[in-house]
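Here, each number is a calculation from the coordinates, and none is a lab measurement. This is a predicted model, so every value here is computed, not measured. Positions of Cβ are generated from backbone atoms using ideal geometry, with glycine treated the same way; all protein chains shown enter the neighbour counts.
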Amino acid sequence: MNKIISKRFFSENVAEIVVEAPLIARSRKAGHFVIVRVDKNGERMPLTISDADLEQGTITLVVQRIGVSSSKLCALEAGDYVADLVGPLGKATDIRNFGTVVCACGGVGAAPMLPIAQALKAAGNRVITVLAARNRELIILHDQLAAVSDEVIVMTDDGSMGQKGLVTEGVEQVINREQVDKCVTIGPAIMMKFVALTTKKYNIPTEASLNTIMVDGTGMCGACRVTVDGKTKFVCVDGPEFDAHKVDFDEMLSRLRQYKTEEVMAYEESLHGDTLHQSATQVDSPLASVELHEVAPFEGKAKDRVAIPRVKMNELAPDVRIQSLYKEVNQGLTFDQAVTEAHRCLNCKNPTCVEGCPVNINIPGFIKQLEIGNLAAAAEIIAESSTLPAVCGRVCPQEKQCESKCIHLKMGHQPVAIGYLERFVADNAPKAESGTGNRESKNGKKIAVVGSGPAGLAFAGDMAKYGYEVTVFEALHEIGGVLKYGIPEFRLPNRIVDKEIDGLRALGVTFQTDTIIGKTLSIQDLQDDGFLGIFVGSGAGLPRFMGIPGENLNGVMSCNGYLTRVNLMNAASEESDTPIMKAKNIAVIGGGNTAMDAVRTAKRLGAEHAIVVYRRSEDEMPARIEEVRHAKEEGVEFMTLHNPIEYHADENGRVREAVLQVMELGEPDASGRRRPVEVEGSEFEMELDTVIMSLGTSPNPLISSTTEGLETNKWKCIVADEEFGKTTKEGVFAGGDAVTGAATVILAMGAGRKAAEAIHEYIMG
C-alpha cells in the first residue's frame, strides 16, 4: 500500500504522482482530497485527488514543490512508498444539471478541477473551462480538461499560450456572451477571491474549493477554519467547497501566511543543510529500575495502618523538567514506598473504592498482593478489569473517583494513593504469560472498533479476551487516539502507551491506521465484510470556539491543534517538517487538564509568560489539583475570574492583544458550579502573541453523517443506551466521548467495557 506507481513532471516544480490506494480509489468522488505524510518526519499535507483507477486501485495526485514535505514527495520515484495516505476527505462536489457551468482554475488548481469538470459534463451540463497560469510552462492537464469540456479558454499572464490576461477576464468573456448558471473556481486563494468578485457582479452562484492549512484533516485540530457568511467553518469536514461569495478571502489569505517564516527557514535549511533554528530535543526517559526484595508480613492492626502517612510522589525538580517536553514529571514510587503505601489499605469488606472506579478494578485485591511483594499477581488482578493500567495510573482523576470513596477520608485522613500503586504495578510487574488477563479460546467471529482511544482500546481488550477477532480502525497514523495526540509526554510518555498497545497485540488485536470510518470505509462496508458487531469509540475531537471577534487571527488556535503539532507531529523537534509557533506571551483559555497540558507545553517551548485565563475561580477549575500545582511550580501564571471578549491584530494579521473582562461568581448553573457573571465596565487589554482555546470538544460528524439509521442528539453526540452502549443502528454500539462528549480516560474505558459485555451478549444470544 501507498506505493508510487508512476511519476512525471508537468514543469520544474509540479509533479503528477500515481499512488497505490485501492480503498481510497473505491470511495473517492469529485472534490475529495487526501492527507499525505511522506516519511516519519513529514508534515501532514492535504492534496486533492485528480483521478482514480478502480481497476488498478490507484489515485492520482498533483503536487507543487513549495516546501520541505512537498519537495520530499516530488523527489520520490516509482517503486518508493509514502509513509501515510489517508482519505478520501471532505465533502464531495454537488454534481447535478445546472445548465452552463464555468470551471475557472489556475495553476495546479487544474488537477482538482479535472474530476469536477468530468462529473459535471456527465450530468448533462455545458462545461466551459477557463485555464490560467503565468505562462505556457505552467499550464497543466489542458488536453484532459478539453476532453471533458465543451470549450477550454486558456489565459496566460505573458500571452505565451492562449490569450494574454487573467482568469477573471476569461470568465467575464463567457458571461458577456452567454447565459452562465454556475461557476466553480479552484486555484490560489487570491485568484479565487477575484473570480468570486467578478461573478458576484452578475449574481452567478459560485463555489470555491479552499486550500487551507491542515494537520489531521478530520476536524480535530481546527487549523483549517475559515469564516463563511460570518460563521466559522472547518474546511476539512464542512468543505472544501463553499459559496465563494460568502468566504472571507482576506482572512483566509492571512491565515495561509501564519507559518510562512517557519516554513521558509525549514526550506532553506533543507536546501543548504544549515541549522537555522534550535528546538526541544527528545530525551529518552526509560522507566527507572526498582529493586525488588522479599517483604516481611505487616503485623500492624487497622489503627497502625491508618497512622501511616500517605506517600508523596517522587518528582523532577521544576527547573529540570521545564527544559524538556519528554522528561516525565512524576517519577514513580520506589518498591519500599509502594509496599508501605499498600500497608495503609484496610482491605474493606465492602470496598467503596471499587464503586468509584469506572472499570471496577478489584483495588483491595491488587493492593493486598502488592503488600506482600507479589507484583505478578497484582498485575493479573488489575488486568481482569483494565487494559491500560500504566496509562490510568498516570492520567486518571483518582481524587474524584476511586480515592474519593476511600474509607480513610471518612476517618479524617488522606486516601490510599491508589493511582500511584496502580502505576507502580503496571510499570514494574513481570510480564504475565496471558498478556493482559485471562482469555477464552478463539471463536472466529469478527468485531470492528472505530478509534484507538481509551474507549476503543478497552473494548478491544475485553472482546479479544472473549475470543473474538478484533480489528481496530484508526484515522491517524499512530495508535492511541487522544493518549498520543492530546497528552504531552511529560505527563504520559508515548512508550507507556505503546507498551499497553503491545499487550493488546499479544491478545490478538489487529490495528489498521490511516483508515477513516465514514470516508475510507463506511459502517455498512464493515457489516458487509462480515463484522458482526461494531463499536464506535471515535472520541470527541472537534474543537469549540467562542465566536468572538478576532478569533480567527493568526496565533489563535485550538488546544487540539497546538498539542497535535507538538505531541503527534513532534513539531518541536528540529527533525520534524511540521512548523510550530514559538510564543513569547501566550494565554490559554480554559481550566481543564488539556489547558494545563497546553500551557505547560508552551513554557517548555520557551514562552516568557504563559497564562491560564479562566472565567471561574480556581476552586471551580476542572483540572486535577496535581496538574495545577505542577503548572504553578513551572512558572505558569493564573488569571481566574477573567474572560476574553475580543482579540486585536498587529499589522501582519497576528494577534497582539486580548480584551479581557473581569467576572464574578453568581448562582450555581446546571453543572453545580457557580455561574460566572460579567463585571460591567471592567474590560482591559492584555498584550499577547498567541492564544490557545481550550473550551472542550464535541464529536466529529464524520460517522454519524455517513451512517443511515445512526441517530445523534443536539450536541452531535451519538445516541446510545447509557448502560449498554447500543445505538439506533443494528449491530452498532458506541461509548466514550462520542456519546457523552469530552470526559476522562477512565470513563471512556468504562463505557468500552460495558459495551463489550453487551455486544458479546448480542452476538452470542
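Values computed for the structure shown
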{"read-out": "Estimated distance in nm for a label pair at Ile66 and Lys231, the labels positioned 7 Å out from Cα along Cα-to-Cβ", "value": "2.8 nm"}
{"read-out": "³J(HN,Hα) computed for each position of the stretch 700-708 - Karplus, 6.51 cos²θ - 1.76 cosθ + 1.60, integer Hz, glycine/proline x", "value": "6, x, 4, 7, 4, 6, 10, 10, 5"}
{"read-out": "Dipole of the chain, positive direction: furthest Cα of Ala670, Pro88, Val482, with charges on the beta-carbon", "value": "Ala670"}
{"read-out": "Distance between the stretch 716-746 and the stretch 40-65 - C-alpha centres, whole angstrom", "value": "34 Å"}
{"read-out": "Student exercise, the chain dipole from Lys, Arg, Asp, Glu Cβ charges, in Debye to nearest 20", "value": "1000 debye"}
{"read-out": "Angle in degrees between helix 454-465 and the longest Cα principal axis of the chain, rounded to the nearest 10", "value": "70 degrees"}
{"read-out": "Nonlocal amide H pairs with Ser6, under 5 Å, H built at 1.01 Å", "value": "Val18"}
{"read-out": "Set of lysines near Lys442 by C-alpha distance (under 19 Å), chain-local residues within fewer than 8 positions excluded", "value": "Lys465"}
{"read-out": "Extension gain, Thr728 back to Lys29 (0.36 nm per residue minus Cα-Cα distance, nm)", "value": "248.9 nm"}
{"read-out": "Per-residue ³J(HN,Hα) for the stretch 217-226, Karplus 6.51 cos²θ - 1.76 cosθ + 1.60, θ = phi - 60°, Hz, x for Gly and Pro", "value": "x, 10, x, 7, 8, x, 5, 8, 5, 9"}
{"read-out": "Residue order, fewest to most surrounding Cβ atoms within 10 angstrom, among Ser441, Ser50", "value": "Ser441, Ser50"}
{"read-out": "Under 5 Å, built H, 5+ apart or other chain: amide partners of Phe511", "value": "Val472"}
{"read-out": "Two-site FRET efficiency, Glu169 against Gln56, from Cβ-Cβ distance with R₀ of 41 Å, rounded to 0.05", "value": "0.55"}
{"read-out": "Estimated FRET transfer efficiency (Asn176, Glu12; beta-carbon r; R0 35 Å; 0.05)", "value": "0.45"}
{"read-out": "Dipole of the chain, positive direction: furthest Cα of Ala506, Phe33, Thr232, with charges on the beta-carbon", "value": "Ala506"}
{"read-out": "Rh (Kirkwood; distinct C-alpha pairs) - the chain, Å", "value": "27.9 Å"}
{"read-out": "Whichever aspartates and glutamates have a C-alpha closer than 18 Å to that of Lys231, once near sequence neighbours (fewer than 8 apart) are set aside", "value": "Glu207, Glu241, Asp243, Asp248, Asp250, Glu251, Glu551, Glu646"}
{"read-out": "Least to most buried among Tyr468, Tyr562, Tyr485 (fewest other Cβ within 10 Å first)", "value": "Tyr485, Tyr468, Tyr562"}
{"read-out": "Exceeding the 25 Å Cα-Cα cut-off - candidates Lys327/Lys632; Lys200/Lys233; Lys405/Lys716; Lys349/Lys405; Lys301/Lys405; Lys519/Lys714", "value": "Lys405/Lys716"}
{"read-out": "Charge dipole magnitude, Cβ of K and R +1, D and E -1 - the stretch 610-698, Cα centre, debye nearest 20", "value": "400 debye"}
{"read-out": "For the chain, calculated [θ]222 nm from helices alone, where every DSSP H run of n ≥ 4 adds -39500 (n - 2.57)", "value": "-8000 deg cm²/dmol"}
{"read-out": "Cα long-axis angle, helix 110-122 against the chain (0 to 90 degrees, to the nearest 10)", "value": "70 degrees"}
{"read-out": "Rounded tilt (10° steps) of 260-272 against the dominant C-alpha axis of the chain", "value": "90 degrees"}
{"read-out": "Inter-part distance where the stretch 545-623 and the stretch 325-371 are each reduced to a Cα centre, Å", "value": "33 Å"}
{"read-out": "Contact order relative to length of the chain, as percent, for alpha carbon pairs under 8 angstrom and 6 or more apart", "value": "10 percent"}
{"read-out": "Cα→Cβ-extended label distance, 7 Å offset, between Ala506 and Glu680, nm", "value": "6.6 nm"}
{"read-out": "Distance between modelled label sites at Lys349 and Lys312, nm, 7 Å Cα→Cβ extension", "value": "3.8 nm"}
{"read-out": "HN-Hα J in Hz across the stretch 305-321 - Karplus 6.51, -1.76, 1.60, θ = phi - 60°, x for Gly and Pro", "value": "5, 5, 6, 5, x, 5, 5, 9, 5, 6, 10, 5, 5, x, 5, 8, 5"}
{"read-out": "Cut-off under 5 Å, modelled amide H: who pairs with Cys103 long-range", "value": "Ile128, Thr129, Val130, Val184"}
{"read-out": "Per-pair calculated FRET efficiency, R0 = 25 Å: Arg495 and Asp39 via Cβ, rounded to 0.05", "value": "0.75"}
